[in-house]
Amino acid sequence: QALELGGGEHERAPSIGTLNAPTIIAPSTEITGAINGAGGSGVFLLDRSTHYAANGTVTVPANQSLRLVAANGAFPTIRMGNNGLRFALGDDATLELNGVRLTRRGLSVTGAGAEVSLIDCTLVPGLELDISGLPVAPASLSLDCQIIGAALRLDRCITGPIEVAEDMDIRLGECILDA
């Protein structure tokens, strides 16, 4: 039986868990502005299999948690602008991305957070694919996580090269790392 991994419309309810009063982000809304406008923490839901835009930095306050989750059965693609998508975590903040595909730029996470989790995500290796399906920038980082002493977890993800800070606890489970 084939393993379902990466972002996709496959069944992901167990990895999503309970979503208490999530904020739904409409495809026409820029993700970083929506999250920062709500204070940088909470649960945000992408409920459609379409393209969303993200450009800039999301700041997650100290001791807060941010979950950006694709609805079960949805496969949203986050197209990053020229500034990419960055998460700046305050002391002991946590970040979870669940069920999304990220394309056009690498994802960056900095700060003093405690834990970063990517579950059922696709960080397109090579940033994006050309018309032949080949990576546009094969050596480019898909994930740059620079939080000394933090935990980084990737479960059932597809990603290109990853760079992390020293002294990070890193765990990859059932992932494809194209580096």
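The values are calculated or read from the model by the stated rules, or taken from the named source; none is laboratory data. Bear in mind that the values here come from a model prediction, so they are computed numbers and not experimental data. With ideal geometry, Cβ positions are generated from the backbone for all residues, glycine too; neighbour counts draw on all protein chains shown. The protein model used for the area step is the full one, side chains on, heavy atoms only, and it has no ligands, DNA or RNA in it. Shrake-Rupley method; radii C 1.70, N 1.55, O 1.52, S 1.80 Å.
Of note:
Per-residue answers, yes or no, for (1) touching a helix residue (DSSP H, G or I) at 6+ places or on another chain (Cβ under 6 Å); (2) within 23 Å of residue 41 (Cβ to Cβ); (3) free of Cβ contacts under 8 Å to residues at least 12 places away in the same chain; (4) surrounded by 19 or more Cβ atoms within 10 Å (Cβ to Cβ):
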site: 99; (1), (2), (3), (4): no, yes, no, yes
site: 119; (1), (2), (3), (4): yes, yes, no, yes
site: 151; (1), (2), (3), (4): no, yes, no, no
site: 160; (1), (2), (3), (4): no, no, no, yes
site: 179; (1), (2), (3), (4): no, no, no, no
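- Matching option when the condition is among the hydroxyl-bearing types (Ser, Thr, Tyr) and surrounded by fewer than 17 Cβ atoms within 10 Å (Cβ to Cβ), among 50, 59: 50
- 1 or more residues of a type in the set (Val, Ile, Thr): qualifying strands (runs of 3 or more DSSP E) within the range 127-179: 162-164, 169-173
- Pairs with Cβ under 6 Å, 6+ apart, first in the range 34-56 and closer than 15 Å to residue 89 by Cα, second β-branched (Val, Ile, Thr) and open to solvent by 50 Å² or more (accessible area, probe 1.4 Å): 40/59
- Residues in the range 6-15 that are open to solvent by less than 40 Å² (accessible area, probe 1.4 Å) and assigned to a loop (DSSP other than H, G, I, E, B): 6, 7, 8, 10, 12.
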